[in-house]
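See structure below.
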Amino acid sequence: MAPKVTRGSGLLEPLLARQRARMANRLIPAKIREGRILDVGCGSFPYFLAHTSFREKFAIDQHAAPPQLPDIRWFRLDLNSAPILPFDPGFFSAITLLAVVEHLDPRRMVELFKECRRVIVPGGLLVLTTPAAWSAGLLRWMGRARLVSNEEIEEHVFAYTLPLIGWYFGAAGFEMVNLRFGYFELGLNLWATAQR
């Protein structure tokens with residue numbers, strides 16, 4: 001039996017996890033894959049980390065690690081209470097936050113992005129995906145219809161636009177010339193990258 005990609009259930013969850021992983025893999029250049037990657041908020045099963053290629057893989061989530069993670073180092077942290085990453089400066093080539101920031105306290109976002117910037121090597125990349133702000137009502141309907149995990153949709157605390165993500169990146173010290181943005185999944189989700 002394949003591992004669940006979310007804590008809840010939803011008919012489309014496996015497809016959506018694959019699409020997020022595919023998008024993140026497209027955004028990460030081959031030249032930085034010889035280093036380390038950190039997936040922040042990887043969920044109940046680190047689907048993206050299991051489907052990407054890096055020399056070393058690290059995961060952070062507030063929940064305990066699932067069994068059988070042979071090549072992934074797991075750290076259990078609650079980033080809403082303390083968005084501090086327990087790693088040395090310049091430790092990672094890439095950090096991903098895939099369908100995560102909508103679950104976090106927006107008042108902590110600048111601090112978290114500063115931490116990400118601190119632990120990324122110069123030239124490294126921060127990649128995030130999140131539902132587009134306009135899709136919040138549709139996602140709630142999809143949760144009630146059991147198309148996506150209602151449990152996780154109910155945990156959304158904030159919705160983002162691309163300009164707002166850009167503002168948070170800038171406030172965290174990323175230079176605007178090193179930011180890229182776009183949409184995927186028919187505009188329901190957005191992606192953003194910040195290069196250090």
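The values are calculated or read from the model by the stated rules, or taken from the named source; none is laboratory data. Just so we're clear, the structure is a prediction, and the values are computed from it rather than from any experiment. Virtual Cβ from ideal backbone geometry, glycine too; neighbours counted across all protein chains shown.
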(message) Suppose the filter is more than 22 Å from Q195 (Cα to Cα) and either in a loop (DSSP other than H, G, I, E, B) or free of Cβ contacts under 8 Å to residues at least 40 places away in the same chain (or both); does N80 pass it?
(response) yes
(request) Would you please list the contacts, defined by Cβ atoms under 6 Å and residues six or more apart or on different chains, that run from a residue in region 131-158 that is within 15 Å of V100 (Cα to Cα) and among the small types (G, A, S) to a residue that is modelled with pLDDT under 85 and part of a helix (DSSP H, G or I)? (result) S149/E13
(message) Given the condition farther than 30 Å from S135 by Cα and at pLDDT below 95, answer yes or no: does some residue in region 94-102 qualify?
(response) no
(request) Please state which of the following conditions I37 fails to meet, knowing it meets all the rest: (1) in contact with a His (Cβ under 9 Å, 6 or more places away or on another chain); (2) at pLDDT 95 or above; (3) not basic (K, R). (result) (1)
(message) Show the residue pairs meeting these rules: Cβ distance below 7 Å; 6+ apart or different chains; first residue within region 11-36 and without any contact (Cβ under 8 Å) to a residue 60 or more places away in the chain; second residue in a loop (DSSP other than H, G, I, E, B).
(response) P14/V5; A17/V5; N25/T52; E34/R55; R36/F54; R36/R55; R36/F91
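How many residues are within 19 Å of the chain's Cα centre (by Cα) and surrounded by 15 or more Cβ atoms within 10 Å (Cβ to Cβ) when one looks only at region 137-163?
Total meeting the criteria: 11.
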(message) Give me the residue from region 78-104 that is surrounded by fewer than 15 Cβ atoms within 10 Å (Cβ to Cβ) and among the charged types (D, E, K, R) and, out of that set, nearest to L188 (Cα to Cα).
(response) D78
(request) Count, please, the residues in region 45-76 that happen to be at pLDDT below 90 and either charged (D, E, K, R) or in a strand (DSSP E or B) (or both). (result) 1
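Quick check: anything in region 108-118 of a type outside the set (D, E, K, R) and assigned to a loop (DSSP other than H, G, I, E, B)? I'd like the intermediate steps shown before the answer.
First, pick out the residues of region 108-118 that are of a type outside the set (D, E, K, R): 109-110, 112-113, 116.
Now narrow it down to the ones that are assigned to a loop (DSSP other than H, G, I, E, B): none.
No, that holds for no residue.
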(message) Is it the case, given these coordinates, that R196 is basic (K, R), in contact (Cβ under 8 Å) with a residue 60 or more places away in the chain and at positive phi?
(response) no
